[in-house]
Each structure stands twice: as C-alpha cells, then as structure tokens.
C-alpha cells in the first residue's frame, strides 16, 4: 500500500498597520498581505485611545502576522512640542512607547500570531525637505540633532519593550542612515519616506523566512 504524505504550506496573512511609512516602506511586498495604514496617525494617538486604527480582530487567524509602524510624526513634531511645555524628554518618550505597546497588547490579546514592531525611520534634514517656504514650526519642531536623538531613544525603548512583550523588533534602517543620524536623501522619496525600499523589503523577507520556520 502506498502512503502519500501531503505537505500543506501555511498561508500566513500579513496585516500592516501604521502611518504613511507603513504604506511606503512595505510598497511592492510580494507576500500575501493587507496594508491597512492610515496616514498621519501618531504613536501617541494609538497609546492614548487604546485603539489601533483599522484593526479588526475578527479577521485575524492563527499564525497570521501583525506589523505595526508608527512614530515618525511623534519624533518630528510632538516630542519637542511637549519638551517646550516643560516636560522631561525621557519621561515623554518612555510614556509614549509604553502606552503604545500596552495598546498593542490589549488589542491583540488571545491571538495566536506573531507581532512585529517596526522601528522609526531616521529623520529628514530640514534643509532637504522640499517645502522650505514653511516658516512655522510644523512639520519640523526641534533641530535635526534633536530629532535624531528622539528617534534613537524611541527606537531603543521600542526594542526593549518589544523584547519584554515577546514581540519581534524590526529596524532595517541603518542602511538608510547617514553618520549624523539623518535619512539618506538619495534613498528617500525627497520628503520623509523611503523612496528605494528594496533593501527594506530584502531584510523583511529574511525576517519572514526566519519566523516562518
């Protein structure tokens, strides 16, 4: 009698949540996915409201992957704004990331999935942003050096908290980062996002292969 062994590949759906960086960094991803990003949503808002925008727990199945990518707007605008109100820099960042991760935990409770937390992209130099006619503080508050520091600190806390929650921290942005910590203009979309995201996708495919074993 012949015995046939049938190998079934598990099709994992990838659900991507975040701001415009979630859309553009994962552009042309070849794996099965739904990009449910919403532009301009901050990490602060996710943590404050205890809601992940466009998240529907009912559609997510066992072994799916959830990706979350927020924080660029916070590092570009809102951290310095809070400092200007007299708050301590580290307190702001720790509270920001802690509330964000708590929201993710609350919304994904009892789901048998892998959760990937994407680090924050390096900041764009003000002098390289094309909208140089803007004279008020938005969209950049704080110096280039300040925003590099905020981004690095947010990413460090994100990594530490991801480990604590048993989430996967994914930050492939060193390739896109100058020595001064800012985004390489030639690899950007000339605004705030990745233009050439091929390396980002390569690193994500490497990660996907490892976690899918």
Additional length obtainable on full extension of the chain from residue 89 to residue 180, 0.36 nm per residue less Cα span: 30.7 nm
Estimated inter-spin distance, residue 196 and residue 30, nm [label 7 Å along Cα→Cβ]: 1.9
Computed label-point distance, nm, for sites residue 39 and residue 53 using a 7 Å Cα→Cβ extension: 1.1
Virtual spin-label span in nm between residue 110 and residue 169, 7 Å along Cα→Cβ: 3.0
Among 153, 102, 61: highest mean-square fluctuation, GNM of the chain, C-alpha pairs under 10 Å: 61
Taking 179, 159 and counting other C-beta atoms within 10 Å, the order from fewest to most: 179, 159
Sorted by Cβ neighbour density within 10 Å, fewest at the top, the residues 176, 150, 70, 165: 165, 176, 150, 70
Overall Cα dimensions of the range 145-213, principal axis frame, Å, largest first: 36, 26, 18
Which of 154, 213 has the fewest Cβ neighbours within 10 Å, and the rest in rising order: 213, 154
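Taken together, the values in this text are just the output of simple stated rules run on the coordinates, not laboratory data. In this text the structure is predicted, and so the values were computed from the model without any measurement. Note that we place each Cβ from the backbone using ideal geometry, even for glycine, and neighbour counts take in every protein chain shown.
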